[in-house]
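Asks: Take this structure first; my questions come after.
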Amino acid sequence: MDIVKKAAPYSLVSISHIEIVRLRIAVALRRALPVILVAAHLAFPIPLCAEGFGPFPVRNFNPLDQLVLNMPGDRASVVKKGTLDIRLEVANTAVIYREENPQASATIKFETLRSGLFLRYGVHDRFEIAIEIPGYYRYQGFMDGPIKTVERLTTGLSPARSALGDMSYVYNISRGGQTVVSGREGAAGLGDTTLMSKYQVLPETSVWPALSIRTAIKLPTGNEGEFFGSGSPDFGIGLASEKSLGGRWILYANLNGVFPTGRIGGMPLQPTFTGIAAAEYLWTEALSLTIQFDYYSPPFHGIGLRTLDRGVTEVAAGFGYRMASHWLWQLYAIENVDFITGSAPDFTVSTLITYRFGLWSD
C-alpha cells in the first residue's frame, strides 16, 4: 500500500520522509501483533533441546514476480545425512494496484492462494538437495474487508482500494494499448518446479557464523497461458549465514542472485537480487518468535509501471512451534513497508507444517 497516497486524506503530505517510514513500520507491527499474541498463548515447552527453526521461507509474492525463480528464506545449517523433511505451505496474498500512463496501465485486485510441497534430503552432513512443487489458485479472496478496517483506523483507504471498491476481481496489464497480462477468476494450476541444493562451507564457531552456498534451477512446468509459470528456466546462486547469540537469539542472513531467461507477457526479464535479514528469539524449547526484513529487486525494467519496475521491501513476523519431536508448525504474516513505493503486494499470511524423518536435535 502506498503510504504517501494514503496519507493524503488526513492532510499528512507535509510529514517528513522519516516520519512516514516510522508510520509504515508501526502499521506493519500492528498487523503482526495478533500473530505474536497467539504465539504467547502457545508457550508450553516440551522436553527437547532448544534449536532454532530458521527464517521464514518468504519470497516475492507479487503475481508476476513470483513466476521468476525465487530462492525462499533459509538457514545456513543443513539436515543430517539420510534425513528427509516434508513441508506443506499455504500462503494467501492480497494485491491491489491501479496505475495508468501513456506507456502502460495496470488494474489489479485479487488474491492468490499459493500452496507448495517442499522436500529436503541430506545427502551428506554438509550437503542437502531439495525440490519444491507449487500450485496456485486465483480468486477474489477474503481479506479485503479486514484490510479496509485496518486502513481506516490507521492511514485511510488507499487510492487504489477506494477506486476499485466496487470490483471484487480484476487482473489486467496493458502496454501500448494492448493487453499483455490477464487472468480469469477461479483459475488453478501447478506452477514452475524448483530444484535446490545447499552446501555448508563453514560450521558455526564461537566467533564466526555458519556459512552455506545455495544453488537453484527453476523448471518451466507451470501453465504459461494462465500465468502460473514463465515458460522458461531460471538459475540462481546465493549465500546463507546464521549465528547464535546469548543462547536465545539466532540471527540469519540470505543474499541471492537470480538469472531468469525468456519473457513474461512479452516483457523482457533482468537478473534480480534478494536479501533477507532475520532475528529469531527462542521463547521456550518448543516456541520461537521471528521477525525479518525482506528486499527483492524487480525482474522487470522499463515497463513504465511502478507495479513492475520497482523493488519490494517488506517486514515478516510470526512464530514457529514444535508440536512434537518430528512436527513443526510455523505461521507468519508479511506487510510491505514501502521504502520503495507502489510495488509490494498488499498483505500476505502463510502457514506451514514440516515433518522430519529424524529428530530436530541430535
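The values are calculated or read from the model by the stated rules, or taken from the named source; none is laboratory data. Everything numeric in this text was worked out from a predicted model, so none of it was measured. Please note: Cβ atoms are built from the backbone with ideal geometry, for glycine as well, and neighbour counts cover all protein chains shown. Ligands, DNA and RNA are stripped out before the accessible areas are found, and what is left, the full protein with its side chains, is counted by its heavy atoms. Shrake-Rupley method; radii C 1.70, N 1.55, O 1.52, S 1.80 Å.
Asks: Can you list the residues, at least 5 places off or on another chain, whose amide H is less than 5 Å from the amide H of Leu219, using H built in the peptide plane?
Replies: Thr193, Thr194, Leu195
Asks: Continuing with the same structure: Considering only protein heavy atoms and a 1.4 Å probe, what is the carbon-and-sulfur percentage of the accessible area of region 192-323?
Replies: Heavy-atom surface of region 192-323 belonging to carbon and sulfur, 1.4 Å probe: 67 percent.
Asks: Please report the orientation-averaged projected area of region 225-362, defined via the convex hull of its C-alpha atoms, in nm².
Replies: Working: hull surface 41.4 nm².
The directionally averaged projection comes out at 10.4 nm².
Asks: Something else: Under 5 Å between amide hydrogens, which residues at least 5 positions from Ala210 or on another chain qualify, with H placed 1.01 Å from N in the peptide plane?
Replies: Glu204, Thr205, Glu242
Asks: Taking only protein heavy atoms and a 1.4 Å probe, what accessible area per residue, in Å², does region 253-362 have with all protein chains in place? Please list the in-between numbers first.
Replies: Values: 3590 Å² over 110 residues.
Result: 33 Å² per residue.
Asks: Ok, one more. Suppose the chain between Arg263 and Met167 were pulled fully straight at 0.36 nm per residue; how much longer would it get relative to their current alpha carbon spacing? Present the calculation step by step, with values, prior to reporting the outcome.
Replies: Details: separation 96, 0.36 × 96 = 34.56 nm, distance 2.93 nm.
Working it through step by step, the gained length comes to 31.6 nm.
Asks: Over region 113-206, what is the relative contact order in percent, taking alpha-carbon pairs closer than 8 angstrom and at least six residues apart?
Replies: On the way: 111 pairs, mean separation 36.3, N = 94.
The normalised contact order for region 113-206 reaches 39 percent.
Asks: Which peptide among 199-205, 228-234, 67-73 comes first, and what is the full order, when sorted by highest mean count of other Cβ atoms within 10 Å? Could the numbers behind the result be given before it?
Replies: On the way: 199-205: 14.1, 228-234: 21.3, 67-73: 25.7.
Taking the mean over residues of other Cβ atoms within 10 Å, the ranking is 67-73, 228-234, 199-205.
Asks: Of all chymotrypsin sites (Phe, Trp or Tyr not before Pro) in region 97-188, which ones are in loop regions per DSSP and have a Cβ with at most 11 other Cβ atoms within 10 Å?
Replies: On the way: sites: Tyr97, Phe110, Phe118, Tyr121, Phe127, Tyr136, Tyr137, Tyr139, Phe142, Tyr169, Tyr171; in loops: Phe142, Tyr169.
Passing both the DSSP loop test and the Cβ count: Phe142.
Asks: Right, here's the next one. Could you order Lys243, Lys81, Lys218 by accessible surface area, starting with the largest, using a probe radius of 1.4 Å?
Replies: On the way: Lys243 35, Lys81 140, Lys218 5 Å².
In descending accessible area the options line up as Lys81, Lys243, Lys218.
Asks: R0 = 56 Å: FRET efficiency of Glu185 with Val123, Cβ-based, nearest 0.05?
Replies: On the way: r = 43 Å, r/R0 = 0.76.
So, using R0 = 56 Å, E works out to roughly 0.85.
Asks: Skip the ligands, DNA and RNA, and give the accessible area per residue of region 137-207 with a 1.4 Å probe, whole Å². Intermediate results must be reported in sequence, preceding the final value.
Replies: Values: 3640 Å² over 71 residues.
Using a 1.4 Å probe on heavy atoms only, each residue of region 137-207 averages 51 Å².
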